[in-house]
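The values are calculated or read from the model by the stated rules, or taken from the named source; none is laboratory data. These figures come from a predicted structure and were not determined experimentally. Cβ sites come from the backbone with ideal geometry, for glycine too, and all protein chains shown count toward neighbours. For the accessible areas, the whole protein counts, side chains as well, though only heavy atoms, and no ligand, DNA or RNA atoms are used. Shrake-Rupley method; radii C 1.70, N 1.55, O 1.52, S 1.80 Å.
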Amino acid sequence: MTAIMQERRIELFAESGQRWFDLKRTGQAHDVLSIISYKQPWRGDYELIYPIPPNELLSDPNLTQNPGY
């Protein structure tokens with residue numbers, strides 16, 4: 001699995017966020033992204049989720065915005 005992840009890291013480095021999705025899917029996003037120098041200071045794991053668009057929040061009163069947004 002390590003070899004496959006390394007190969008995907010090399011082959012897909014500029015392919016519209018594939019690395020990010022791989023990290024999220026395998027649970028490695030926090031460990032890898034939180035040590036990147038330009039991501040410092042790491043403000044929290046909320047950076048690993050997207051905000052819910054305002055129009056979606058307005059159309060469904062049962063939705064709440066994701067933490068940090």
| message | If Asn62 meets every condition in (1) open to solvent by 80 Å² or more (accessible area, probe 1.4 Å); (2) part of a helix (DSSP H, G or I) apart from one, which number is that one? | response | (2)
| query | Which of the residues belonging to the range 6-53 are surrounded by 14 or more Cβ atoms within 10 Å (Cβ to Cβ) and aliphatic (A, V, I, L, M)? | reply | Leu12, Leu23, Ala29, Val32, Leu33, Leu48, Ile52
